[in-house]
Each structure stands twice: as structure tokens, then as C-alpha cells.
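Here is the structure we will look at, set down as C-alpha cells.
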């Protein structure tokens, strides 16, 4: 146990995919906490139906906007397979710091990030500060449309590119057993991650989770928890692992 951190000894459930959980899990271990990794969703690349058309019209786009790290990852893979270079005139927008970091790592220099990490906020910022132009939105199937709607309403030429799909992951029995032993906090990164877990929990596991602090990443995730009859705790100001970690320390530091 790390006596210097209010997280020392606490059991914290992380629900993202394994590799996306790891940066936060590493911070938690360093503070003496016990991260429990239980991925509730998984993503898979798709060949976008409009991919050939986008490739033919590649140079007409002035912007690309990303609302998730998965969007960045799968779009970069599509670009590489398609052997399309990123034209120097294309500008990049990202929904928040974590997505922006993924963009930079992929070689996409980011020019616009909203103060609030939501698609709606990004759409409002672009509509207010930039001239309407053709913009590409790499996204998941059935993803939220706040960014698309905000830009389309402002007269932008918006093209969605469904490049990955999110599905429910099989719940790991070991992770479920750890959950039932008791939790201090659960971190939910998306409404789909929350629903995928909550809708499949047996009664004993649900009781355990309801006793924990439920930390939502983003306002839409917080709203989804409320709709399921759950009480969200303090929301991190961004999706960055360090910010989530600081939020957890604040929650349990105040209680200590």
C-alpha cells in the first residue's frame, strides 16, 4: 500500500479494452491501488463503404476531425493500406487531449481542440472559428452524431466514414470474480462500455458495483449512468489517463 496516496489499497475497475486500460492501470499501480481490468467492449476495423469515393476525392477535404483514439487508429491503418499521404493543406481537429495525443503519435498535427471534450463542443468551435469547408469524420458504426449535426447545420460539407465497429466483449470470469469481491471505484469510458457491463451483471455483482464510486468519462457517459439508475461521481475534465487518475485521487482524498 502506498501511504502517500489516497488510492493506496483501493480496488478500481477499468472497463476499456485491455491496451487502452493499461496507461491508467500503470498510474494506479504506482499509487498502490489495485486495478482490475475487465474490458466490456471491443473494437474491430471495418472497410468503409465510401472508402473508394473518399480516396478518389481525397484532395478536396480541408479538415479531418477525430472524436476518439479508435478513430485515429483505424483511420491511420486505412490510410497506410490505401497508400494515401496526408496532404499538407488538410487541418486536423480532435475532440480532446487524449485523442489529440493519438493524432500526434500518428503523424496528424492537431490545430483545434475544444475546452470541453465533446463532439458538440468541437462542432461549435469549428463552426464559430473556421470557414465552412469539406470535412471528413472517421467514426464508429452507430457513433454519436453531435459533431456531424453541428457542422452540417453550420453549412459544412460533412462526410462520415464508418471505419470501425464496437461490440460487447465476453466478460472475463476472473475479472467478474474480482468485481464480486468488492470495488472502490469503476471507470466508464463510454455509454456503450457502461451498458455492456451493467446490463449483464448478476445481482451480487450489481450490489458490489453500486457501492463503488462510478467515474464517467464525458457528459454522455454520465447521462447514460443516470439513465440506468446509477449515480455518477466527479467527472474528469478530459479523457487523459493522468486526468482520470487525478480525479480519483481528488474523490478519495476528500473522503479521507
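FYI, it's all coordinate maths here, none of it is from the lab. Worth saying up front: this structure is predicted, and the values here are computed from it rather than measured. Counting neighbours? That spans all protein chains shown, and the Cβs are built from the backbone with ideal geometry, glycine included.
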What fraction of the DSSP beta bridges in segment 44-166 is antiparallel, stated in percent and rounded to the nearest 5? 10 percent
Averaged across orientations, what area in nm² does the convex hull of the alpha carbons in the chain project? 14.0 nm²
Listing 43, 221 by rising number of other beta-carbon atoms within 10 angstrom, fewest first, gives 43, 221
At a Förster radius of 25 Å, what calculated FRET efficiency corresponds to the Cβ-Cβ distance of residue 211 and residue 142, to the nearest 0.05? 0.20
Against the longest alpha carbon principal axis of the chain, how many degrees, from 0 to 90 and to the nearest 10, is the axis of helix 241-255 turned? 30 degrees
For a test of the definition: using alpha carbon positions, the gyration tensor, and the 1.5 limit on a/c, classify segment 148-212 as rounded, prolate or oblate. prolate
Using 0.36 nm per residue, how much length does the chain from residue 133 to residue 242 gain when fully extended, once their Cα-Cα distance is taken away? 35.8 nm
The exposure ranking of 245, 61, fewest beta-carbon neighbours within 10 Å first, is 61, 245
For segment 90-195, using Cα atoms only, the Rg and Dmax in Å read 17.2, 54
Please arrange 204, 145, 73 by how many other C-beta atoms lie within 10 Å of their C-beta, fewest to most. 204, 145, 73
Using the Cα atoms as the points, what is the convex hull volume per residue of segment 165-256 in Å³? 109 Å³
Could you give the alpha-carbon Rg of segment 54-116 over 2.2 N^0.38 Å, rounded to two decimals? 1.06
Helical contribution to [θ] at 222 nm, DSSP H n ≥ 4, -39,500 (n - 2.57), averaged over the chain, rounded to 500: -12500 deg cm²/dmol
Just the ratio, please: alpha-carbon radius of gyration of segment 13-156 over 2.2 N^0.38 Å, N its number of residues. 1.13
